[in-house]
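The values are calculated or read from the model by the stated rules, or taken from the named source; none is laboratory data. In this text the structure is predicted, and so the values were computed from the model without any measurement. Backbone-built Cβ (ideal geometry, glycine too); neighbour counts: all protein chains shown. Side chains included, ligands, DNA and RNA excluded: accessible areas come from the protein's heavy atoms. Shrake-Rupley method; radii C 1.70, N 1.55, O 1.52, S 1.80 Å.
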Amino acid sequence: ARTPVQRLAIHPADSLLAAVENPTPGTARITVWDWSRAARLYAVDLPDIPLYVGFSTLGTYLVYTRADWQSVTILDARTGYAAPYLRQGFGIVSFVAFSRTERNLMTYQPSGRISFWELRTGEKIKDVETIPDLSPRRITEDLTTMLARSQSGLAVVDVTTGALLAEQRQPDLLTI
């Protein structure tokens, strides 16, 4: 059966693709495919559409977030098994970006908080405040700048300080 695809995430180095499907109203499923073999590797059923889904920098993990106090779930990208990382609750997360080595990660919360975490220990490294209610879309290659949809258009934010570097008025911007 065909189901609407809500989001896609592409593995950075392999032939894996994660598709967020909406099989019936009020349900969601993340299905991971190896497109080179046309094989479904696994699926994760969810009660709602995740806010974010993406692969880590090296592709070791698949991460998704939900509108929940324990928002972040990190899976082994190849097997779908839940990794024991960042399971403590700290609020709703709408964007995640991993460091180049995957030792650390950054989370963005709609309240305007950017947090940096040590993956394996779950220790918070740093918090910075930035603009609330951004819809983060991309992190730049050097991992220092986030491009996001703001209420007025496109915002460029320095993730290390939370500073707004630029904002372009474009109210009908849908994607970056």
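Any idea which residue in the stretch 49-87 is nearest to the chain's Cα centre (by Cα), counting only those that are in a loop (DSSP other than H, G, I, E, B) and closer than 15 Å to TYR108 by Cβ?
Residues of the stretch 49-87 in a loop (DSSP other than H, G, I, E, B): 49-51, 56-60, 66-69, 71, 77-81, 83-87.
Next, from what is left, pick out any that are closer than 15 Å to TYR108 by Cβ: 50-51, 66-67, 71, 86.
Working: PRO50: 9, LEU51: 7, ARG66: 10, ALA67: 12, SER71: 11, LEU86: 14 Å.
Of everything passing the filter in the stretch 49-87, LEU51 is nearest to the chain's Cα centre (by Cα).
Can you name every residue in the stretch 125-149 that is in a loop (DSSP other than H, G, I, E, B) and either of a type outside the set (Asp, Glu) or touching a residue at least 40 places away in the same chain (Cβ under 8 Å) (or both)?
Our first condition is that a residue be in a loop (DSSP other than H, G, I, E, B); within the stretch 125-149, this holds for 130-134, 140-144.
THR130, ILE131, PRO132, LEU134, THR140, LEU143, THR144 - these are the residues of the stretch 125-149 that are in a loop (DSSP other than H, G, I, E, B) and either of a type outside the set (Asp, Glu) or touching a residue at least 40 places away in the same chain (Cβ under 8 Å) (or both).
One residue is enough: does the stretch 34-42 have a residue meeting the conditions within 26 Å of GLU123 (Cα to Cα), touching a Phe, Trp or Tyr at 6+ places or on another chain (Cβ under 6 Å) and either among the small types (Gly, Ala, Ser) or outside any loop (DSSP other than H, G, I, E, B) (or both)? Quick ask: steps written out before the conclusion?
Filtering the stretch 34-42 down to residues within 26 Å of GLU123 (Cα to Cα) leaves none.
No, that holds for no residue.
Which ones in the stretch 69-90 are modelled with pLDDT of 95 or more and on the phi > 0 side of the Ramachandran plot?
Scanning the stretch 69-90 gives a single hit, GLY80.
Output the residues belonging to the stretch 10-19 that are in a loop (DSSP other than H, G, I, E, B), in contact with a Leu (Cβ under 9 Å, 6 or more places away or on another chain) and open to solvent by less than 50 Å² (accessible area, probe 1.4 Å). So that I can check it myself, show each step before the final result.
First, pick out the residues of the stretch 10-19 that are in a loop (DSSP other than H, G, I, E, B): 11-15.
Retained after the next criterion (residues that are in contact with a Leu (Cβ under 9 Å, 6 or more places away or on another chain)): 11-13.
Scanning the stretch 10-19 gives a single hit, HIS11.
Determine which member of the set GLU141, GLU118, GLU167 is surrounded by fewer than 18 Cβ atoms within 10 Å (Cβ to Cβ), over 23 Å from PRO47 (Cα atoms) and at pLDDT 95 or above. Break it down stepwise before answering.
Values: GLU141 fails: at pLDDT 95 or above; GLU167 fails: at pLDDT 95 or above.
None of the others qualify; the one that does is GLU118.
Do we have ARG7 as open to solvent by less than 80 Å² (accessible area, probe 1.4 Å), within 29 Å of GLN109 (Cβ to Cβ) and of a type in the set (Lys, Arg) here?
Working: open to solvent by less than 80 Å² (accessible area, probe 1.4 Å): no; within 29 Å of GLN109 (Cβ to Cβ): yes; of a type in the set (Lys, Arg): yes.
Judged against the criteria, ARG7 is not a match.
May I ask you to list the residues in the stretch 146-165 that are closer than 17 Å to GLU129 by Cβ and small (Gly, Ala, Ser)?
Hits for the stretch 146-165 are ALA148, SER150, ALA155, GLY162, ALA163.
Taking GLY153, is it surrounded by fewer than 16 Cβ atoms within 10 Å (Cβ to Cβ) and under 20 Å from ILE92 (Cβ atoms)? Spell out how you get there, then give the answer.
Numbers: surrounded by fewer than 16 Cβ atoms within 10 Å (Cβ to Cβ): yes; under 20 Å from ILE92 (Cβ atoms): no.
So GLY153 fails the test.
Quick one: in the stretch 43-64, which of the residues that are of a type outside the set (Val, Ile, Thr) and farther than 16 Å from THR27 by Cβ is most open to solvent (accessible area, probe 1.4 Å)? Spell out how you get there, then give the answer.
The first filter runs over the stretch 43-64 and keeps only residues of a type outside the set (Val, Ile, Thr), leaving 43, 45-48, 50-52, 54-56, 58-59, 61-62, 64.
Now narrow it down to the ones that are farther than 16 Å from THR27 by Cβ: 52, 54-56, 58-59, 61-62.
Working: TYR52: 39, GLY54: 4, PHE55: 28, SER56: 2, LEU58: 100, GLY59: 8, TYR61: 20, LEU62: 0 Å².
The qualifying residue most open to solvent (accessible area, probe 1.4 Å) is LEU58.
Among the residues of the stretch 20-42, is any of a type in the set (Asp, Glu), over 26 Å from LEU147 (Cα atoms) and open to solvent by less than 50 Å² (accessible area, probe 1.4 Å)? Steps first, answer last, please.
Residues of the stretch 20-42 that are of a type in the set (Asp, Glu), as a first pass: 21, 34.
Among the residues that remain, those that are also over 26 Å from LEU147 (Cα atoms) are: 34.
Still in the list and also open to solvent by less than 50 Å² (accessible area, probe 1.4 Å): 34.
Looking through the stretch 20-42, at least one residue is of a type in the set (Asp, Glu), over 26 Å from LEU147 (Cα atoms) and open to solvent by less than 50 Å² (accessible area, probe 1.4 Å).
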